[in-house]
1. Run through segment 240-296 and list the GluC sites (Glu not before Pro) located in a DSSP loop whose Cβ has at most 15 other Cβ atoms within 10 Å.
2. Do any trypsin sites (Lys or Arg not before Pro) in segment 116-209 lie in a loop, going by DSSP, with at most 15 other beta-carbon atoms within 10 Å of their beta carbon, and if so which?
3. Please compute the net charge surrounding ARG176, taking Lys and Arg as +1 and Asp and Glu as -1 over other residues with Cβ under 13 Å from its Cβ.
4. In the neighborhood of LEU160, defined by Cβ-to-Cβ distances under 9 Å, what is the net charge if each Lys or Arg adds +1 and each Asp or Glu adds -1?
5. Given labels modelled 7 Å from the Cα in the Cβ direction, how far is it in nm from ALA230 to ARG187?
6. Got a sec? How would ASP105, ASP151 order by Cβ neighbour count within 10 Å, fewest to most?
7. Within segment 224-321, which trypsin sites (Lys or Arg not before Pro) sit in a loop by DSSP and count at most 11 neighbouring Cβ atoms inside 10 Å?
Amino acid sequence: MFRACHRADTSLKESRQDRRRDRLLRTLALTHAGAARAGPIGIRPAADAQRAADCAERHRLVEISLGAALSATRHRGSCRSCRCRRRGLMVSMRQRRNFRDSVTDEIWNELLLLGHRKLFRPGHILLHQGADASSVIVLTEGIVRVWQSDDQGRSLTMTLRGPGEVLGEYGVLLERRRSASVAASTRCAGHTVSAAAFQRFAERHHLTATVLQLAVERLEQREHLDAGLAHLRPESRLAAVLVALAAEVGSPSAEGIRVDLGMPREHLAVMASMSRSLALQVLRQLQAAGLVLPGRQHVTIVDLPKLTAVAAGESVQGLKP
Ligand SMILES: Nc1ncnc2c1ncn2[C@@H]1O[C@@H]2COP(=O)(O)O[C@H]2[C@H]1O
C-alpha cells in the first residue's frame, strides 16, 4: 500500500516535473524565436508562450524607442502593453516637436487636402536657395537634407528634417526668398500647398505663431549646438551632431537608432566643424567603443545614452580621451 502510494506519488512528481520541463522548453523555444535579441524575458507557463513571444517583440521595440535616450531621464519601467512586469532600465527619448505634433488630426488632414501629393526620389531638390517662395511642402514620408551654399559654392548641411514637417514655411510666412535648399535624402512623399492657401490656412487656425515658434526653436537649437561645438573635443562635437540628428529624424531599427543621412558620411564633418579625415577617424573611434555603426549613407546609434554623455563632454569607457 505504502509502496503503491509512494510510486503513485513519485510518478505524479515526475510527471509534474516533466510537464514543467516541457513547458519550460516550449516557452524558451518560442521566446527564443521571438526574442533572440530581446534578452531574457523570464519563464512563463506554456499557455502564455505565444503571448511571451509577442511581448518579446514588443519589448524590443519598447526598449529601442525608450532606449533612445536624449533627455537622459532614466526610470524603471514595465511593459504596459502585455503587463508582464518586465523591469529594466529605460530611458525616454525626446524627439523634436514638429508641426504634425502641434495640430489635431483634423487640421493636419485639412492641410493635406489643400495640396497635391508628390513623390520625390533621393537627390531630388525640393526647394532652391534664393528662389521665390511660392509654396510649402508638407512632408509625409522620408527625410530631407537642408543646406546652404556660400558665395564660393561650398555647401553647408544645416540639418535633416523628417515626416510631419512643413518645408518652405520661412519664405512663405516671412514673404522672403528661400533661405536654403532642401533635397530628398531618402524616398519622400509630400503635399505641395500654394503660398496663398498655406497663409490662409495658418491664419484660419491661428497657426502662424506656432509655425514661426517651431522655426525659432530650431534655429536656437542650432545656435546652441554651434556654440557648444567651439568648446568641445572632436569626438564630443561629432557625437553632439549625431545626437541632434537622431532627435530630428532618428528611427528605431534592430541595432539601435538609425539616422539616414542621404549624404556621404564625410558631410558630417562639415556639420561638426572638422576635417573629413578627422571625422572619419572619430567615427571609427566611436564605432570601436560600441556607440555607433556607420553605414554608407547612414549611421546607426547603438548606444544613445553613452553617445549623449560623450556629446556632453563626459569620458566614456572604451573611448580614448
Ligand atoms: N536651420 C534650418 N533648420 C531647419 N530647416 C531650415 C533651416 N533653414 C532653412 N530651413 C528650411 O529650408 C527652407 C528653405 O526655404 P524657406 O526659407 O522658405 O524655408 C526653409 C525651411 O523650411
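Since every read-out is calculated from the coordinates, none of them should be taken as a lab result. On a predicted model such as this, the values are computed, not experimentally measured, just so you know. Note that we place each Cβ from the backbone using ideal geometry, even for glycine, and neighbour counts take in every protein chain shown.
1. Values: sites: GLU248, GLU255, GLU266; in loops: GLU255, GLU266.
In loop regions of segment 240-296 (DSSP not H, G, I, E or B), the sparsely surrounded GluC sites (Glu not before Pro) are GLU255, GLU266.
2. Details: sites: ARG117, LYS118, ARG145, ARG154, ARG161, ARG176, ARG177, ARG178, ARG187, ARG200, ARG204; in loops: ARG154, ARG176, ARG177, ARG178, ARG187.
Qualifying residues, ordered by number: ARG154, ARG176, ARG177, ARG187.
3. Values: positive: ARG177, ARG178; negative: ASP132, GLU169, GLU175.
It works out to a net charge of -1.
4. On the way: positive: ARG145, ARG161; negative: GLU248, ASP260.
Overall, the nearby charge balance is 0.
5. Using points 7 Å along Cα→Cβ, the separation is 4.4 nm.
6. Working: ASP105 8, ASP151 5.
Result, fewest neighbours first: ASP151, ASP105.
7. Working: sites: ARG237, ARG258, ARG265, ARG276, ARG284, ARG296, LYS306; in loops: ARG265, ARG296.
Here the trypsin sites (Lys or Arg not before Pro) that fit, given the DSSP loop and packing criteria, are ARG296.
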